[in-house]
1. What is the packing order of peptides A:12-19, A:63-70, taking the mean over residues of other C-beta atoms within 10 Å and listing the highest first?
2. With charges set only on the Cβ (+1 for Lys and Arg, -1 for Asp and Glu), what does the dipole of the protein assembly as shown come to about its Cα centre, in debye to the nearest 20?
3. Please give the contour-minus-distance gain from B:Glu68 to B:Leu116: 0.36 nm per residue of separation, less the Cα-Cα distance, rounded to one decimal in nm.
4. So if R0 is 41 Å, what FRET efficiency would A:Leu56 and B:Asp56 give, r being the distance between their Cβ atoms, rounded to the nearest 0.05?
5. Hey, what's the Kirkwood Rh for chain B if you take every pair of different alpha carbons, in angstrom?
6. Over the alpha-carbon set of the protein assembly as shown, divide Rg by the Kirkwood Rh and report the Rg/Rh ratio to two decimals.
7. For the stretch B:1-109, with only Lys/Arg (+1) and Asp/Glu (-1) charged at the beta-carbon, what is the dipole magnitude about the Cα centre, in debye rounded to 20?
8. Which one of B:Leu84, B:Phe7, B:Thr18 is farthest out on the positive end of the charge dipole of chain B, using unit charges on Cβ (Lys, Arg +1; Asp, Glu -1) and the Cα centre as origin?
Amino acid sequence: AQSVTQLGSHVSVSEGALVLLRCNYSSSVPPYLFWYVQYPNQGLQLLLKYTSAATLVKGINGFEAEFKKSETSFHLTKPSAHMSDAAEYFCAVSRGGAQKLVFGQGTRLTINP
Amino acid sequence: EAGVTQFPSHSVIEKGQTVTLRCDPISGHDNLYWYRRVMGKEIKFLLHFVKESKQDESGMPNNRFLAERTGGTYSTLKVQPAELEDSGVYFCASSEGLAGVGDTQYFGPGTRLTVL
């Protein structure tokens, strides 16, 4: 069975500071990994995904994530936070192809001016 | 190109009533998924259609939930009768269905269901 753990339901950073949102997964097969973002009153939007190509994945809005098999992690980072990054972020895993997503609990990111 | 749309955006009903949620996927997407997020919990998978067929309904909580996908286009999710624990946000997603790669699922804005 697959599972995803996001460490920290709430993360707060200052504008301009590094954003680090943690995600660890467990999967019995090589996983496909995703980060989605939900802005207030909107649906989930794909930030980036890992599909067994490059381990460092670049996404939209300056976000990137690194797949580390030895640590079973897929942490999301952004060098410099903007106020517009305030949202809820979800890490998810699937077994690939047209398969269901298994989500973590979500991390709400707050940006302090 | 239009994204995934869901209707209604909000629904407030009383326990024991019936509610039907609708999802229109992105045109041409064979795969359609329903997910639910109960307050304070993670987003959980309910079921997956490939065209008009149910591919995986392992996440459906009980037989009060009925999902259909007419002609492989839009889908409806009916809850009958609704219970308090059915409250939450119901998301619909669709994908093209590319085998062998991490198929991107595109999500709608969700329907917030409140059962009183």
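1. By packing density, highest mean first, the sequence is A:63-70, A:12-19.
2. On the way: 21 positive and 20 negative charges, 59 e Å.
The calculated dipole for the protein assembly as shown is roughly 280 debye.
3. 14.8 nm
4. Details: r = 32 Å, r/R0 = 0.77.
That pair, A:Leu56 with B:Asp56, gives E of 0.85.
5. Its Kirkwood hydrodynamic radius stands at 14.2 Å.
6. My calculation of the ratio gives 0.97.
7. Details: 11 positive and 14 negative charges, 54 e Å.
It comes to approximately 260 debye.
8. B:Leu84
Throughout, read-outs are computed from the coordinates displayed, never taken from laboratory work. Because the structure is a prediction, the values reported are computed rather than measured. As a convention, Cβ positions derive from the backbone with ideal geometry for all residues, glycine included, and neighbour counts pool all protein chains shown.
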